[in-house]
1. Mind giving me the nanometre distance, one decimal, between the label points for Asp446 and Thr925, set 7 Å out from Cα along Cα→Cβ?
2. Please identify which residues in segment 372-396 have an amide N closer than 20 Å to a label point set 7 Å out from the Cα of Lys402, following the Cα→Cβ vector.
3. Zone of Arg367 (label point 7 Å along Cα→Cβ, backbone N under 19 Å): which residues in segment 695-711?
4. Suppose the chain between Asp706 and Arg380 were pulled fully straight at 0.36 nm per residue; how much longer would it get relative to their current alpha carbon spacing?
5. Report the gain in length on full extension from Lys628 to Leu1009: 0.36 nm times residue separation, minus Cα-Cα distance, nm rounded to one decimal.
6. Return the FRET efficiency for the residue pair Val480, Leu765: r is the Cβ-Cβ distance, R0 is 60 Å, and the value is rounded to the nearest 0.05.
7. Specify the inter-centroid distance of segment 317-344 and segment 390-438, based on alpha-carbon positions, in whole Å.
8. Charges at C-beta only: +1 for Lys and Arg, -1 for Asp and Glu. How large is the resulting dipole of segment 715-809 about its Cα centre, in Debye rounded to 20?
Amino acid sequence: MGRGSGLRRRRHGPGQQARRLAGEERLAAARDAADGHQHRLRHRLLPAHRGRPGAGRGHRLPDPDRDPAAGGERRDHRHRGRPLADHPGQLRQAAADPGRGGVPEAVRRAAAGVPRGGRGRSARRDPPLPPGRQPPPGLPSPHPVPRPADQRRGRGRLVQPDLRAGHVLGHPARLGPVGVSALPAGPRRPRPAFLRPPARRGGRRLADLHRGRSRPARCDGPLSARLPPQQMVRRADRRRLGDGPVRRRAVQLGDVHAHPPPFPGRTVHAAARPAGQPLAGEAAAREGLAQLFVSLARFTCRRSKLVLYLSGVLLVVAGALGGGVIKELSAGGFVDNSTESAKTAQVMDDRFRAGAPDLVLLISDERGVDSPAVAAAGARLTERVADEPGVEQAASYWSLGKAAPLRAEDGRQALLMARISGDEDQVQNTFKRLESHYEHRAEGLDIRVGGNALADKEMSETTEKDLIKIEAVTFPVLLVVMLFVFRSVVAALVPLMVSGLTILSVLLVIRVLTLFTEVSALASNVTTGLGLGLAIDYSLILIKRYREERGRGAETDQAIATTLRTAGRTVLFSAVTVTLALGALLVFPFYFLRSFAYAGIPTALLAAFVSLTFLPALLKVLDHRIEKGRVLRRRTPKAEDGSGEGFWHRLATGVMRFPLPVAGAVTALLLLLGAPFLDLRLSLPDERVLPAESQARQVGSDIRDDFRAQETQALNVVLDRTPGPGDRNVAPYAERLSKLGDVSRVDSEAGTFADGRLVQRPTDLSKRFGSGHSTYLSVVPSHQSLSEEGRALVQDIRDLRAPYPVQVGGPAAELTDSIDSMNARLPLALAVIAASSFTVLFLFTGSLLLPLKALILNCLSLSATLGVLVWGFQDGHLEGIVGDFVVTDSITWTVPVLLFCIAFGLSMDYEVFLLSRIKEEYDRTGDNVASVARGLERTGSMITAAAVLIAIVFLGFLISGIVYLKAIGIGLAIAVLMDATLVRGTLVPAFMRLVGKGNWWAPKPLRALHAKVGLREK
């Protein structure tokens, strides 16, 4: 018998064989011969309750992936490809037919006392039975046939002990509909299953350590430590029955096939689950997250209607409170308030009531701005605007003594600029009132309104409109694609329902966040798209696993439990991975980037929460109706279990056949795509990022084209702790400033300077440059301030020797300080992303090299993505393809940072899913090459489908009129598609083939740490 059997190991020498030829021992020999085939038949007829088909040694535990009721086939070393019996009649037929796995005729002849014939030992071994001792009809007595020890090796132990009269846990075996109802007791007592020879016990521990297996200990100690979990399930009966013997129910052999377990994966003694008994897999999942997911499955199945009711309430509340959140969001957040430029802006506002104009009026008249009538009307208009409530300061071409910079080159246009007091909301309220008064025509002049306030207003309006358009376009496209993925209408609609609940919940969270902090308007668009994509991806993973479990014959409750215990774990840690990547945005001091962390982290967690609660409850209610509305015939995958040779298996095998050339070619391609990234130029967003129909963009474009100086982009240089008005050191300093390159002129209390000389003496208007012991100078550049030249000018001004402490502000200074602040915090953000990603992958794989490989490959693919963005948006090659936009020879500085964090989180999400499957295969087989091919075969189609769906969501951003939102959308789409195809399909197999078993290497302390806190499936 096998080393794990409950029967005592016996060796039969020649002397024992001779003594057995006489008297009553002949009958025992016949019984033993018949029982040997009975025992082997039980091994043949219990394939649905084995841990591994054809396994030679160890536990034969229930297989959750096979169910006799599902019509599946089971193969072992004796019966390859023979189907299981579907009902007791087939078992009786099989018992009578040796060709169908029944008892050989020779054994029946021996049991019936028919002479075997022939001579020698084989003839003497099967003597006839005495009269009156015929065996009952059906199968012979369950006693082992004596065989040499070398022939008995390789047998696994049955899950339940051999039940016969005299056994401490059982009674005479009853084989149900198969045959015998009462059998004579045998002479042997079973050997306890947990007793092992010391040498074999030590060898098993070493083998388990080498293979990374986790088994119940088989050594001396408490009984709970010596018995496997299946034998301890009913040990609580002792507390109910007192001190009596513990009896556990063993399923009769006939019942196993006549009444298959309702849930695959159930232990043999629990085929018919009593009320309140745990679901299958619960006994093996008493630790950690597995127990949490099983408990969650039980709750969602038992209280499915309550979960759906609460979800409906959440939907209504979130829709009512979160629907108007767009109006509460802000349009700024690109400046660090702790920088010099931000402090300068605050000083300008507090001391001088000056700064960048919020309102710009572009005044036109065919008679020319210098004509007396137009000049008089312009002067009256300036006074009228200055007297408006909320306007701190107003100046125009006419009020400044016909300053040339405020006059267009053709002489038909002039500028009027005003600064509005108050915070952002007050500025917007005042601007809306002024816009309604002065739009189109006033004082007989043609007027067009522009400025920063209008740009912020149109940014918020465009964001709100784009959000509606993106959802209206992407939802139908996603539905069509999901019909091809799920192949039924109901199954395709379920992810959209999960997405809708997730998005509204996210908007509700953003609404709450606006009560405590400022949130950027663009954060709602990106996080809504991220929530839509993640919810669909998580639904895809869970529904696919649920349908697999149902296809194997599992009932709804058990399928949901298995789905949450396996795929639910992947969903949870996927959300954690994305959360950690987005959490890196919190290290930056810009509330624009922080907004994506504030809104993105709840988005990932809510997508997982809704998928793990609402979706299982919906699956419970739908049950088989999830397959309703089938529109396409579902294809049966060639290798659903990863053992065949589907497309991804062939791809991985082909890559690993030539790993070095493939890796070199793909790496060269990615480096070529990433080459333009070396020429990256960054800038702050202005009105040029708005759509072509935007009035702020049109007015700004006319000012740049028709006016020589950049009046609205002037730099403010503040001198602090001066002696007071009329200081002699101001004029020499202004003169030195005007000599700097790219400076058009310098205005100060000492007059106006250009090219190192005084061009206009001080006037009454010059007094506005002084305030107490401070003064400021207005430096008007001769080029675009939001450019590399503007940044260089800021640095030149700060390096120039000044008579007093100096602070520099203005758009170019804000750009310079923002980039410097980002560069200062970028290493910390990268360290957070790398450390969190490394930790998650190490906990999944226990390897030191695989997390490093993932970090390197992700950086390589993301550099290629950023290179495509520079080529397409900075250089303008995608203009007209992705929509009309202004080519500014730069990219908004927040785009690369935001794109890197979000795309890195998504790519690590796919990496976790892929490597967890590869690790599972490697633990099972120990074959690195086969594990990579099978792991990619199991996950390749799912990862690709998830990447396509989320890419569709991000490509919907191309509908937006905001340029950097287009860039974020197409960048994320390219990143996830490139990662799911080139990286996962070629570079990962090539790398793992080149490294070989080194993939799974880790130092001994890290291996010990992984053994304690690893996240792999137990």
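Bear in mind that the values in this text are calculations on the coordinates, not laboratory data. None of these values were measured; they are calculated from a predicted model. Please note: Cβ atoms are built from the backbone with ideal geometry, for glycine as well, and neighbour counts cover all protein chains shown.
1. Inter-label distance under the simple model: 7.6 nm.
2. Only 372-383, 395-396 fall inside the zone, counting backbone N under 20 Å.
3. none
4. Length gained, Asp706 through Arg380: 115.0 nm.
5. Residue separation times 0.36 nm, minus the Cα-Cα distance, leaves 132.4 nm.
6. Efficiency, rounded to the nearest 0.05: 0.40.
7. With segment 317-344 and segment 390-438 each reduced to a Cα centre, they are spaced 25 Å.
8. 260
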